[in-house]
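Comments concern the structure below.
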Amino acid sequence: MSNFGELKEAIMNGDEDLAEEVVDGLLKDGEDPEKIISDGVVPSMRAVGKKFDSGEYFIPDMLVSADASQAALEKIEPLLSGESLEKSKRAVFATVQGDQHDIGKNLAVMIFKGAGYRVKDLGTDVSPEEVVEAVKEFDADVVGLSALLTTTMEVQRDVIEALEADGVRGEVLVAVGGAPVTQEYAEDIGADVYGASPFEALNKLENIL
Amino acid sequence: MSNFGELKEAIMNGDEDLAEEVVDGLLKDGEDPEKIISDGVVPSMRAVGKKFDSGEYFIPDMLVSADASQAALEKIEPLLSGESLEKSKRAVFATVQGDQHDIGKNLAVMIFKGAGYRVKDLGTDVSPEEVVEAVKEFDADVVGLSALLTTTMEVQRDVIEALEADGVRGEVLVAVGGAPVTQEYAEDIGADVYGASPFEALNKLENIL
Amino acid sequence: MKYDKLEFSSADDLLFGKSGEPVKCGLDLEIGNGRVVPEINYMPKVDDWSNFDEVLESYRGITESVLRRAVNLGIYSVVLETEFVESLNMNLEHTREILEMQKSRMEEYHDEYGLKSALRSTVADLRKMDESIYQSERWNKMMEAFEVSVEGGADIVSIESRGGQEVFSHSMMRGDLEGMIFSQLLAEVDMRRLWEEIVNITRKGKSLPGGDTACAFANSFMKLADGLVDRKVSHVVAAVIRAATAPRSLIAFEEGATGPDKDCGYEGIYMKAITGKPISMEGKTSACAHSSLIGNIPATACDLWSNESVENLKLFGGNTPEVFLEMLSYDCRTMNESLDLSKEKEYRDILTASNKFLDPQALVLAPEPAVRISKAVVNAESFYRSVVAAAREAVKIIKENGENLSLPQKERGYLEKTEEELEALPEKKSKFLDENISKYDDRVKEFEPENYGL
Amino acid sequence: MKYDKLEFSSADDLLFGKSGEPVKCGLDLEIGNGRVVPEINYMPKVDDWSNFDEVLESYRGITESVLRRAVNLGIYSVVLETEFVESLNMNLEHTREILEMQKSRMEEYHDEYGLKSALRSTVADLRKMDESIYQSERWNKMMEAFEVSVEGGADIVSIESRGGQEVFSHSMMRGDLEGMIFSQLLAEVDMRRLWEEIVNITRKGKSLPGGDTACAFANSFMKLADGLVDRKVSHVVAAVIRAATAPRSLIAFEEGATGPDKDCGYEGIYMKAITGKPISMEGKTSACAHSSLIGNIPATACDLWSNESVENLKLFGGNTPEVFLEMLSYDCRTMNESLDLSKEKEYRDILTASNKFLDPQALVLAPEPAVRISKAVVNAESFYRSVVAAAREAVKIIKENGENLSLPQKERGYLEKTEEELEALPEKKSKFLDENISKYDDRVKEFEPENYGL
Ligand SMILES: [Zn+2]
Ligand SMILES: [Zn+2]
Ligand SMILES: [Zn+2]
């Protein structure tokens, strides 16, 4: 019989196939889809995050776990009620215009997906207008902006200004990150959250949302 | 018979005694005191400045010249008319509060004195209030502020604000300098002139005054 | 040309300052002929990058301060590297104006103080990998940026090209060795095309085609790998990947690059062992750009000694570019003095020993391992096999030195796993490709097989 | 105690990492016992220095990033130097809070990672020389700052004291050698008084009395001297003055200082030759604080290797203090490896040869000249004579090496002039004082003879 312990093991080992199998079993046993997420997937990924923070997990370990968690979620999502779908938080991620660096942004995408967020990944070199468009279309709760260059970090400010100009700034939390970005800079441009790592951003956001 | 060539030689060699002697001779010959300054002392010090800029003179060469020039000026000043005394420019110098570094400030004092300025040296660790007081008492045209520490450079801004608060900002040009100070910073705090060296400050001020 | 043997087949001959094929360039500068020269790389710090006057002014200030510092320190040879950000290459007039301004200042210092110098222009890889990478506005602009560099007075042109990076990044993040190897086959295709063009463009003028480093690959991995405590990915795998990128970077030389190779590619040491061309290396003094466990090893064979890149900030001692030039220059003095005293091997050996067991990433770049890995590259019959052979040799070297490296348990696991995965790779490239093209086409959104003729 | 012979009378024994009297301090750290340790010195960057929370936060960030970088690089020994600005010593609670915060983080890293470390507190010389320098609020505060440092967990206390600086600055600017010599006699009086007190204060706790450097004298001169092209004062005189400050700095040790001597005093090498105590030296990696023509020489005998001071700015590779620690640490690795391989003399000789003929300021700090100058100091019968003897020996050394130094004409003139002026000095201190007290009392506004009992 499938159980939550097995699901946790599958996710923590990054075993995508097993994760899907366990979820199938749980659903067949009549387990509540919402409960599989809240008591199965989310705590598993939290445990992964802890192991990563303690140095026991490397990034690849965490990412294959996120992939497994993601596979499990994709099995469950079609079965969720419209209401509970509404409840899940929605995030848009982008590396800002002029910047081709995708590592930090990709990491954030995976981690937020694994934590149960519905995520839209806009890729790299994304203009402020494209971000605003996506935030509105996707009805995002969070927008995450990455910039690896001092030459492009100022575009994070442009995005915030574009959100303001469009009147949607109040509806979305802005998280910023990237090597040259600091807490001070984040405050200066009016971002809500600065994350030295995607996990840090996630934790800070959980405290706000 | 004394002549301007001799005076120039005395100043450029930093020969204080000879400079005084030549001035005595010139005055005895009935030379106009103002002309001794404008055609004798000032061009001599300008020539010293050029030799310094070209690397031919070291700082000590320049300073002994400034000392000689100063000695000559002290001979002449009592003979100047009230009107021409009024005409000479007046400068106040200080190293700002919290800062004990005196080298840059001393250099500026010497150079401005040598260039014919009447100079008041407030020393080091000088509060904004003391600067404002001195500017008013001395009726200064220029105030020069030195700061060698990033911890004290902000006091330059405080001085400018104190001058404004006191209503005398418009009557005086503010020149700032010191290792951590930049052109950009000078503009930011609203100084009139930034000098990478005292000579640079002097040249810029001559263009304004 | 295909390299089938080593220029330096003994580690004893692989030494700083001495290349097999010195080059002359710029203002009376010779590189790789018995002397190590500092290469200073800088990035303006401006409030508004769209204000070109401000950008140019920042470059002017950097150039002046660096040249001034050089003559003040009695440094009579220096290389300046201008690594362009995308926006400055997208506007070719900007590219040109910056280079011309720099070159004219360099000429003044050459005339007035006898300062020998060369200017390196590193063009940004402007392409988007999910578009057509050769039939596009951005490709054309990039080629024009090389032309403008040649015309504008660059003495050396370089690039850190990104073909294959899209698959590499995805795989690196997942510890997927197969994907990382596959990405090298994509890089191969792109490097051949790109460097044929670059070398052709340099033939129209007096610039040297310098080289192209695996910055987007092994350096990204190294940065992610972080330090001994904060390790975020396996340092063993990072070391193996460094070796595996050697064949890719070698293609620039096969297509006609002359060196000095670009800094930022620690694999330069393999380039030097194989081709004998002079290389630029960075180590401890690139801490301004990133921390690394490879601070001393890269100096052992460098011809140019670089800081990777530093943003132009004001320190008490001056602007960061001049400050970093000063630090580089004293290390060059030490290396050059050891050459003068014929003590270069002794000094080189101290540098090597001081660093090689700190981390596997350092070990695989030490002179003897470097020669072994380079040998594996040239002895392989094809590009694919050379990538695998380099990786396998790196594993072997790390295993042999396991005790001295004092690897943590988790890293020892990665070492075993990597060895097994490398063993399991098919011998034939065609089989390997068959297995992987559609796999990564599915998994990596930005990957377009047709860009690589697949 | 008065030193009347050298601890290291042969330059062969005057070597980095090896002191005659190693010290233990802080968290299991040993200094001068066969290993060179990096010493990192930093300055917060804050918008508002009157906001102590912000200042403390900046110190916290620096401390954390430096300790973290150390363990990430496998550096297992480090010294942190907190050099206080005046305002932080004027408020003793601030002094205490910063040191306690730092020490507690250092203890955490010691417990968790075995990181050995020591904390140096360098108190600001708070005095105004034109007031009473011992009967004043500021003197009392300064002594209390030492007490608070001892209580707050500083493992080493130091100062760069300024007695005599008022006369020195005036004289330096005018190239007045007599005045510069005279200023050393003022410094003598102040150093004795000051260091007797400091040593007494450290006896109440576990801090080591480190040392006191002639920063306000010879370093000011060096900064003014600038580079080879922009020379603003004579480099020959700068070199002579460096030697002439040795007797002054030695007084700290005569009064009981144990080392490690403070960085920023290049005359530390004389201290080591004479006393055998461990010293902290700075060279190329203090380019963040000032340019110098003495980048490699100071490493030849260092026990701690320092960056002088760097303001906490953000670079791509991290905050400047951690970045500079990284660079220092790789140089320490090289020195330590040469010790392990018993190649330290070879390496030391390369460092020396690479730098000593660049400038007279470097030459007088090279090992053999350093031993000669140190000998001149200890052989002289009185403080005054030792100052003059050190200066004369420096002149002699520069003259002997005139050809290799390729001095410009103007400097050769200064060399002759300096030699003559030194010759002309009276043999008797009393005569010298008589000639100079009222002269400088007249000329130097801030100089108050009664402060020095004159
Ligand atoms: Zn790079
Ligand atoms: Zn100092
Ligand atoms: Zn210093």
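The values are calculated or read from the model by the stated rules, or taken from the named source; none is laboratory data. Fair warning: this is a prediction, and the values are worked out from it, not measured in the lab. Note that each Cβ is placed from the backbone with ideal geometry, even for glycine, and that neighbours are counted across all protein chains shown. What goes into the accessible areas is simple: the full protein's heavy atoms, side chains included, and nothing from ligands, DNA or RNA. Shrake-Rupley method; radii C 1.70, N 1.55, O 1.52, S 1.80 Å.
Results, tabulated for the structure shown:
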{"read-out": "Carbon + sulfur, % of accessible area of the stretch C:3-65 - ligands and nucleic acids excluded, 1.4 Å", "value": "39"}
{"read-out": "Label geometry 7 Å along the beta-carbon vector: D:ASN404 inter-copy distances in nm", "value": "3.5"}
{"read-out": "Per-copy distances of the D:ASP230 label point, shortest first, in nm (7 angstrom along Cα→Cβ)", "value": "3.4"}
{"read-out": "Label geometry 7 Å along the beta-carbon vector: D:GLU144 inter-copy distances in nm", "value": "7.0"}
{"read-out": "Between the stretch C:165-210 and the stretch D:311-348, the Cα center-to-center distance that results, in Å", "value": "34"}
{"read-out": "Rh (Kirkwood; distinct C-alpha pairs) - the stretch C:214-284, Å", "value": "12.6"}
{"read-out": "Among A:ASP141, A:ASP17, A:ASP121: highest mean-square fluctuation, GNM of chain A, C-alpha pairs under 10 Å", "value": "A:ASP17"}
{"read-out": "Buried accessible area, chains D and C (both chains, 1.4 Å probe, Å² to nearest 100)", "value": "4400"}
{"read-out": "Diffusion coefficient, µm² s⁻¹, Stokes-Einstein with Kirkwood Rh over alpha-carbon pairs of chain B at 4 °C and 1.567 mPa s", "value": "74"}
{"read-out": "Range of Cα positions in the stretch C:83-170 per principal axis (Å), largest first", "value": "51, 25, 16"}
{"read-out": "Proximal lysines to D:LYS103, defined as alpha-carbon separation beneath 17 angstrom and excluding residues fewer than eight positions away on the same chain", "value": "D:LYS24, D:LYS116, D:LYS206"}
{"read-out": "Stokes-Einstein diffusion coefficient of the protein assembly as shown, Kirkwood radius over Cα pairs, 25 °C, 0.890 mPa s, in µm²/s", "value": "74"}
{"read-out": "Partner chain coverage, peptide D:165-176 - average Cβ within 10 angstrom", "value": "4"}
{"read-out": "Approximate spin-label separation C:LYS431-D:LYS2, in nm, with each point projected 7 Å along Cα-to-Cβ", "value": "8.9"}
{"read-out": "Size of charge dipole - chain C - debye, nearest 20, with Cβ of Lys, Arg +1 and Asp, Glu -1, no other charges", "value": "960"}
{"read-out": "Rounded if a/c under 1.5, otherwise prolate or oblate - the stretch A:38-149, Cα gyration tensor axes", "value": "oblate"}
{"read-out": "Cross-link table B:LYS51/B:LYS204; D:LYS2/D:LYS284; A:LYS113/C:LYS417, entries beyond 30 Å C-alpha to C-alpha", "value": "D:LYS2/D:LYS284"}
{"read-out": "Computed log₁₀ I(q)/I(0) - Debye formula, equal Cα scatterers, no solvent, the stretch A:88-208, q 0.11 Å⁻¹", "value": "-0.28"}
{"read-out": "Within 10 Å of each Cβ in C:350-361, the average number of Cβ atoms from other chains", "value": "4"}
{"read-out": "Per residue convex hull volume, Cα atoms of chain C, in Å³", "value": "132"}
{"read-out": "Share of alpha-carbon pairs per 10 Å distance bin for the stretch C:349-412, given as whole %", "value": "23, 47, 26, 5"}
{"read-out": "For the A-to-B rotation axis, chain A residue with nearest beta carbon and its distance in angstrom", "value": "A:ASP188, 8"}
{"read-out": "The stretch C:1-113 - Rg over Rh from alpha carbon coordinates, Kirkwood radius", "value": "1.07"}
{"read-out": "Diffusion constant of the stretch D:187-251 at 25 °C, which comes from Stokes-Einstein with the Kirkwood Cα-pair radius and 0.890 mPa s, µm²/s", "value": "182"}
{"read-out": "Within straight-line cross-link reach of B:LYS120, lysines at Cα separation under 19 Å, skipping those fewer than 8 residues along the same chain", "value": "B:LYS75, B:LYS87, B:LYS89, B:LYS105, B:LYS136, D:LYS445"}
{"read-out": "Rg [Å, one decimal], Dmax [Å, integer] - the stretch A:2-101, C-alpha atoms", "value": "14.8, 50"}
{"read-out": "Residue of B:LYS28, B:LYS89, B:LYS75 that the Gaussian network model of chain B assigns the largest fluctuation, springs spanning Cα pairs under 10 Å", "value": "B:LYS28"}
{"read-out": "Surrounding net charge for C:PHE253, when Lys and Arg each add one and Asp and Glu each subtract one, Cβ distance under 15 Å", "value": "-4"}
{"read-out": "Derived scalar couplings ³J(HN,Hα) [the stretch A:115-128; Karplus, 6.51 cos²θ - 1.76 cosθ + 1.60; whole Hz; x for Gly, Pro]", "value": "7, x, 6, 8, 10, 10, 9, 8, x, 10, 6, 9, 6, x"}
{"read-out": "D:ARG60-C:ARG412 pseudo-label distance in nm [points 7 Å out on the Cα-to-Cβ vector]", "value": "4.0"}
